[in-house]
Amino acid sequence: MNQELTELRELASSRLTELESLQLQYQESLRVCEQLKMDLKTLPEAVVVETTEYKCLKSQYSVLFNEAQQIKSHLEEAKNLLQTTKNVHLRHIEQMEVVNYLFSTPCLCVLFSLLRIYSIYFSLSPFPLLFIRVTNLRVSGNCGRR
């Protein structure tokens, strides 16, 4: 049992020595880390600009910025095209309404005149089965009357 106790003491002392050594390494690492942080804060800009990581990031940024500008210009072109198309469409609708108005009035006048002629024709017709009487037919405007 004494031998076991001796072995355990030796093991404990070696572990304690190892822990003390690790604690010293940890303290040294903390000191180095703090020193590196201080060095990083006082690092001149020229040193940072000359690193390959900085140059790579700068080139990636410029590529992305140019792509963003191109997309923005495409968006503006699409907006302008949409507005132009909308204006053309509205003008086309207005023209169609004007044409519709200009042609509907004479067509209605011709239709009403035709109905009057049929009414007169069938009222004078000797065939009673074909007699059609159109009454109270009124048309606004001239409709060919002079």
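The values are calculated or read from the model by the stated rules, or taken from the named source; none is laboratory data. Predicted, not measured: the structure shown is a model, and the values here were computed from it. Neighbour counts run over all protein chains shown; Cβ positions are idealised from the backbone, glycine included.
Kindly evaluate T84 against the criterion of being in a helix (DSSP H, G or I), in contact (Cβ under 8 Å) with a residue 24 or more places away in the chain and not hydrophobic (A, V, I, L, M, F, W, C).
Values: in a helix (DSSP H, G or I): yes; in contact (Cβ under 8 Å) with a residue 24 or more places away in the chain: no; not hydrophobic (A, V, I, L, M, F, W, C): yes.
No: the conditions fail for T84.
Residue-level check: of (1) touching a Lys or Arg at 6+ places or on another chain (Cβ under 9 Å); (2) of a type in the set (A, V, I, L, M); (3) exposed (fewer than 10 other Cβ atoms within 10 Å of the Cβ), L5 misses just (1). Here are some conditions: (1) of a type outside the set (A, V, I, L, M); (2) surrounded by 10 or more Cβ atoms within 10 Å (Cβ to Cβ); (3) at pLDDT below 80. R133 meets all but one. Which one does it not meet? In the conditions (1) of a type outside the set (A, V, I, L, M); (2) surrounded by 10 or more Cβ atoms within 10 Å (Cβ to Cβ); (3) at pLDDT below 80, R133 misses (2) alone. Where the second residue is not small (G, A, S) and the first is free of Cβ contacts under 8 Å to residues at least 24 places away in the same chain and lies in segment 35-50, which pairs have Cβ atoms under 6 Å and are six or more apart or on separate chains? So the pair list comes out as V48/Y54.
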